[in-house]
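Since the structure comes first, as structure tokens, the remarks are kept for the end.
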Amino acid sequence: MGVSGAIPLLLRRLALVPVLVFAVLVFTYAITQIAPGDPVEIIAGQRDIDPAQANQIREEYGLNGSFLERFGDYVVGLVTRADLGPSYYYRSPTRSVQELLGERIWVSTQINLIVMALVFGLGIPLGVFAGVRRGTWKDPATIGFWKVFDSIPSPIFIVLIVAFFAEWGATIINAFGFNVPAVWTPGDPASYVIPVLALTIPSLGGMARFVRVSLLSTLDDDYVRTARAKGLTDRRVLYGHVLRNALLPLSTVIGLSVVGVITGSIIIETRYGVPGVGAFLFRSINQRDFNVVLAFTLLTATLFIVVNALIDIFYIFIDPRIRYTARFS
């Protein structure tokens, strides 16, 4: 069955991308317009504003006109100049919203790339280890141990991590040549230790459990029993047949994790002083800096929609069953 039979499905997936992105833009922009808080007061930095000054601010920031006029101006600026609008709170003529977000997204991305590598690099082997030892004490012990950290609420776990390094952890890490600072220090690689551990450890249990369940469901398939009946060793069955199919659902998880790379963690960034996008977005929401919130929402939604479409296309190429279904649907 060729890939050509799935071309209509591919076209439908791709055609939906701009439609969904525009729908997200309309909905999010409408929410920012009806949210409490007057942008003029935020820009002016005071509540009692002279009417002449208020009109000047509205004219300068494009806040005059009806909803459709303002939305039209925003869309035109976005499409023609890649302009995400001015920041209401960080009023700088030389720094746009995309620049303010960009430098903070880069900080969060560096942390989350390390976290993603550790979660997949450690979680997959842990899940395989537990799955192949089904029926022994090592299976529940492995998953249960890491799920304990996942069950702790994030704010409490982050406080525990920071407290641990304040008392004992820093001494342990320092033995390897690192000096873990008590707060985020720009330019210091050791500053990544606490945020990375705080985000990695709670995620290992979920990843290991996901891999274990996928592995066990594959081990019960008929082709696995057939391979064993032919005399293949357990190792060859596992690495030559089972893992390739058991890890196929991970392509979805990996794809969606790409979206999470640019999003920061509000709790750890605020608690540890990381200048990432999570803490920045939290402050922007409190300060009613609607253009920042709108830009970040649009960015993450677009990336999510595009990645989902790419995952669907990827599955069509690697799973013949999807091509078969698409041809006859």
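Ranked for footprinting exposure by Cβ neighbours inside 10 Å, fewest first, F314, F129 give F314, F129.
The length gained by stretching the chain between K230 and I285 to full extension, at 0.36 nm per residue less their Cα-Cα distance, is 13.6 nm.
Between the beta carbons of A54 and E99, assuming R0 = 41 Å, the FRET efficiency works out to 0.95 to the nearest 0.05. Rounded if a/c is under 1.5, else prolate if a/b is larger than b/c, else oblate: which is the chain, with a ≥ b ≥ c the root eigenvalues of its Cα gyration tensor? Taking the square roots of the gyration eigenvalues as a ≥ b ≥ c, the chain is oblate. Axis of helix 193-219 versus longest Cα principal axis of the chain: the two differ by about 40°, to the nearest ten degrees. Using a Gaussian network model on the chain with a 10 Å cutoff between Cα atoms, which of S151, S96, S257 fluctuates the most? Looking only at S151, S96, S257, the biggest GNM fluctuation is shown by S151. Projecting the Cα atoms of V40, I111, A52 onto the charge dipole of region 36-154, computed from C-beta unit charges around the Cα centre, puts I111 farthest toward the positive end.
A simple spin-label model places the labels of S151 and L68 5.7 nm from each other, with each point 7 Å out along Cα-to-Cβ. The string of couplings for region 221-229 from the Karplus curve (6.51, -1.76, 1.60, θ = phi - 60°) is 6, 5, 5, 6, 5, 5, 4, 5, 5 Hz, one whole number per residue in order, with x for Gly and Pro. Sequence-ordered 3J(HN,Hα) estimates for region 23-38 from the Karplus curve with 6.51, -1.76 and 1.60 and θ = phi - 60° stand at 4, 5, 4, 4, 5, 5, 4, 5, 4, 5, 7, 9, 5, x, x, 8 Hz, glycine and proline given as x. As a proxy for reagent exposure, ranking K230, K147 by other Cβ atoms within 10 Å from fewest up yields K230, K147.
Rounded to 0.05, the FRET efficiency of the A35 and Q110 pair, given R0 = 30 Å and the Cβ-Cβ distance, is 0.45. Spin-label pair R244-T80: with each label point 7 Å from Cα along the Cα-Cβ axis, the two points sit 5.4 nm from one another.
With a Förster radius of 22 Å applied to the beta-carbon distance between L310 and A117, the computed FRET efficiency rounds to 0.60. Close amide H pairs (under 5 Å, H built 1.01 Å from N) link D83 with L78, residues at least 5 positions away or on another chain. How big is the charge dipole of region 185-329 about its Cα centre, in debye rounded to the nearest 20, if each Lys and Arg gets +1 on its Cβ and each Asp and Glu gets -1 on its Cβ? Computed about the Cα centre, the dipole is about 480 debye.
For the chain, the dipole from Cβ point charges (+1 on Lys and Arg, -1 on Asp and Glu) about the Cα centre works out to 1740 debye, to the nearest 20.
Read-outs throughout are calculated quantities, based only on the coordinates presented, and are distinct from any laboratory measurement. Just so we're clear, the structure is a prediction, and the values are computed from it rather than from any experiment. Counting neighbours? That spans all protein chains shown, and the Cβs are built from the backbone with ideal geometry, glycine included.
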